[in-house]
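The values are calculated or read from the model by the stated rules, or taken from the named source; none is laboratory data. Because the structure is predicted, anything quoted here is derived from the model rather than measured. Glycine gets a Cβ as well: all are built from the backbone with ideal geometry, and neighbour counts include every protein chain shown. Remember, those area values only see protein heavy atoms, side chains included, never the ligands or the DNA or RNA. Shrake-Rupley method; radii C 1.70, N 1.55, O 1.52, S 1.80 Å.
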Amino acid sequence: MTSEAEHLTLVLVGPMAAGKTSVGRRAARRLGVPFIDTDKRIVAEHGPIPEIFATRGEDSFRELERDAVVKALEDGGVISLGGGAVTDEKTRRLLHTQPVVFLTVSEDAVGDRLRGGNRPLLAGDDPVEKWKRIYAERRGWYEEVASITFDTSRRPMQRIADEIVAWRREQA
Ligand code: S3P
């Protein structure tokens, strides 16, 4: 890892469709460090996420995800995790030593963002209801690992990214 990436590494967590990828990409660009999306790395190596869930099961996906988090932290940069990464106790332990941003989004704002997605845990009827239930189950874990929280419901992603960058630079 370059010294700057090491210096400015930060991790984004939060529920599905909270804007982790959109905000993360913008924050990385502003900081001049690489952007890493652990879901994308898993897909590149193991194929589409719905197929991994269907053929190998969620537990196997969580193991792949944990390995991807370890590798991403070694590489450094702005690192966006899948919404369920915090369900894994070992992953949470890794995050305790990192600057972690928890991105939140309201139930009202999330509906539009969920349309047309291919998230296996939201497949079928009423994705927003499923999203709400899953978020309620995980909220405590996001709060456990978070250093700071930003809500993405109603403000431009670039503005949120800029605020995260300012916060991260203060920590450095
Ligand atoms: C998941 C979230 C997804 C992806 C997978 C499982 C989850 O990532 O990792 O579908 O359990 O919340 P996003 O949070 O980027 O949608």
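Observations on the model:
- Split the accessible area of the chain by element, probe 1.4 Å, and carbon with sulfur accounts for 46%.
- Accessible area expressed per residue, the chain, with surrounding protein chains retained (probe 1.4 Å, Å²): 50 Å²
- P(r) of the chain over all Cα-Cα pairs, binned every 10 Å from zero, in whole percent: 10, 40, 38, 11, 0
- Spacing of the two label points (7 Å from each Cα toward its C-beta) at Asn118 and Arg25, in nm: 1.7 nm
- Separation between Cα centres of segment 129-172 and segment 46-97, rounded to whole Å: 18 Å
- Each Lys and Arg adds +1 at its Cβ and each Asp and Glu adds -1 at its Cβ; summed about the Cα centre, segment 43-166 shows a dipole of about 180 debye.
- The calculated P(r) of segment 62-156, using every Cα pair and 5 Å bins from 0, goes 2, 11, 22, 23, 20, 15, 6, 1 in percent.
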